[in-house]
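These notes concern the structure reproduced below.
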Amino acid sequence: MAALPSQLKALTRLRCAVFQTSYNPTSMRTGAKYLRARLRGPSMLKYYPPVINIAQLARKYPELELVDEDEEQRLQDIEDRKKRGKGAPKKAKTKADSRRTQRKR
């Protein structure tokens, strides 16, 4: 004796309720496979060691008098550029100081 389509549909719905799976009669893509999967972030954070930041260490322990050589070099380069006239322009204190208003006149 063959089962009717309505009986098969009811059986599928009941099976989903019993086994706690989602009822998806149209086979739509739901992304359930990816939502059920374990998150990758925590294991990736465990894999890579924490990055040692000299600036943070210097702020946390000022008595050690640590010097960040990269930062010192960066500040020296900025100073050299300013001496040659290649530095960043000064910020406008007021609206009248801005270059945009001077160009519009």
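Across the range 67-105, the qualifying residues are those that are assigned to a loop (DSSP other than H, G, I, E, B) and among the hydroxyl-bearing types (Ser, Thr, Tyr), and the one among them that is surrounded by the fewest Cβ atoms within 10 Å (Cβ to Cβ) is Thr94.
Filter the range 1-18 for residues that are among the hydrophobic types (A, V, I, L, M, F, W, C), open to solvent by less than 100 Å² (accessible area, probe 1.4 Å) and either touching a strand residue (DSSP E or B) at 6+ places or on another chain (Cβ under 7 Å) or outside any loop (DSSP other than H, G, I, E, B) (or both) and give the result. If the condition is that a residue be among the hydrophobic types (A, V, I, L, M, F, W, C), open to solvent by less than 100 Å² (accessible area, probe 1.4 Å) and either touching a strand residue (DSSP E or B) at 6+ places or on another chain (Cβ under 7 Å) or outside any loop (DSSP other than H, G, I, E, B) (or both), then Leu8, Ala10, Cys16, Ala17, Val18 are the ones that fit.
Scanning the range 19-50 for residues that are open to solvent by 100 Å² or more (accessible area, probe 1.4 Å), hydrophobic (A, V, I, L, M, F, W, C) and part of a loop (DSSP other than H, G, I, E, B) yields Met28, Leu39. Filtering the range 51-66 to residues that are out of contact with any Asp or Glu (no Cβ under 8 Å at 6 or more places or on another chain) and surrounded by 10 or more Cβ atoms within 10 Å (Cβ to Cβ) leaves Asn53, Gln56, Leu57, Arg59, Lys60, Tyr61, Leu66.
The values are calculated or read from the model by the stated rules, or taken from the named source; none is laboratory data. All of these numbers come straight from a predicted model, not from anything done at the bench. Don't worry about glycine lacking a Cβ; one is built from the backbone with ideal geometry, like all the others, and counts go over all protein chains shown. Heavy atoms of the whole protein, side chains included, go into the accessibility calculation; ligands, DNA and RNA do not. Shrake-Rupley method; radii C 1.70, N 1.55, O 1.52, S 1.80 Å.
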